[in-house]
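Nothing in this text is a laboratory measurement; each read-out follows from the coordinates by a stated rule. What you see is a predicted model, and the numbers here were worked out from it, not measured in a lab. Ideal geometry is used to build each Cβ from the backbone, glycine not excepted, and the neighbour counts take in all protein chains shown.
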């Protein structure tokens, strides 16, 4: 078996190992939003990803907030690199893990700058629990069709025999393109988390789920699965 695995995340690879082929399946495009939401005070500012922080940085000084909560250690690290003190970061890097541990006083106001494609569970559950939630769509993921088609070509030619999905949208876009191409190459799938895994399964494939929902965790799981050093 070849050791080449296609990595599809937007962020750069943490390693230059030639066994990984980095082909981002998603491009991020900024979105306009109603900036009147910045004119009020919030109890919590919640970042669900590093990209959310990156796209919100130009507006950060305009917002009044008391505390910051984040999902993911890389999100926390990125915040701290930009002078943003993080008050809460759960060990489980998923919306469900965040909601399991996050507590707030009833009536708290929570501001969530996020992706247009973000799953709605965070906003919905916080509202159900009594929070005054304001969510804005800062950016949206757009399909990188050229990279997806090239990935299918590599799999078809057996230049790669594995593909790792860092989001549900990247998996969905890939399988739609695969069906259009009417090819069925043999390859292994890897998923960064449960929602992405479920998207892969919905499209008729199985996947190995990362033990930790980070790119480093995904790479570690792939190495373990393939007995790579």
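Computed packing ranks the peptides 189-197, 113-121 as 189-197, 113-121, most packed first, by mean other Cβ atoms within 10 Å.
For the pair region 68-130 and region 176-192, the centres of their Cα atoms are 33 angstrom apart. Report note on the peptides 64-75, 91-102: ranked by the mean count of other C-beta atoms within 10 Å, highest first, their order is 64-75, 91-102. Among 111, 47, a tally of other beta-carbon atoms within 10 Å of each Cβ gives an order, fewest to most, of 111, 47. Size of the chain: Rg and Dmax of its alpha carbons, in Å, are 18.7, 57.
With R₀ fixed at 45 Å, the C-beta to C-beta distance from residue 87 to residue 149 puts the FRET efficiency at about 0.55. Cβ-to-Cβ counts within 10 Å put 163, 152 in ascending order as 152, 163, the fewest first. Between helix 215-226 and the chain there is an angle of about 30 degrees, using the helix long axis and the longest principal axis of the Cα atoms.
Computed over region 111-224, the P(r) tail beyond 23 angstrom holds 38 percent of alpha carbon pairs. Extension gain for residue 11-residue 216 works out to 72.7 nm (0.36 nm per residue, less the C-alpha to C-alpha distance). Over the C-alpha atoms of region 78-176, the Rg to Rh ratio, Rh being the Kirkwood estimate, stands at 1.10. At full extension, residue 124 and residue 62 could sit 19.8 nm farther apart than now, given 0.36 nm per residue minus the alpha carbon distance.
Between residue 182 and residue 225, take the C-beta separation as r, use R0 = 30 Å, and let me know the FRET efficiency to the nearest 0.05. The formula returns an efficiency of 0.60 here. Taking only alpha carbon atoms, region 29-140 gives an Rg to Rh ratio of 0.91, where Rh is the Kirkwood radius. Taking the chain as a Gaussian network, where each spring joins two C-alpha atoms under 10 Å apart, which residue of 62, 23, 45 fluctuates the most? Fluctuation is largest for 62. Taking 0.36 nm per residue of sequence separation and removing the Cα-Cα distance, the residue 134/residue 206 pair yields an extension gain of 22.3 nm.
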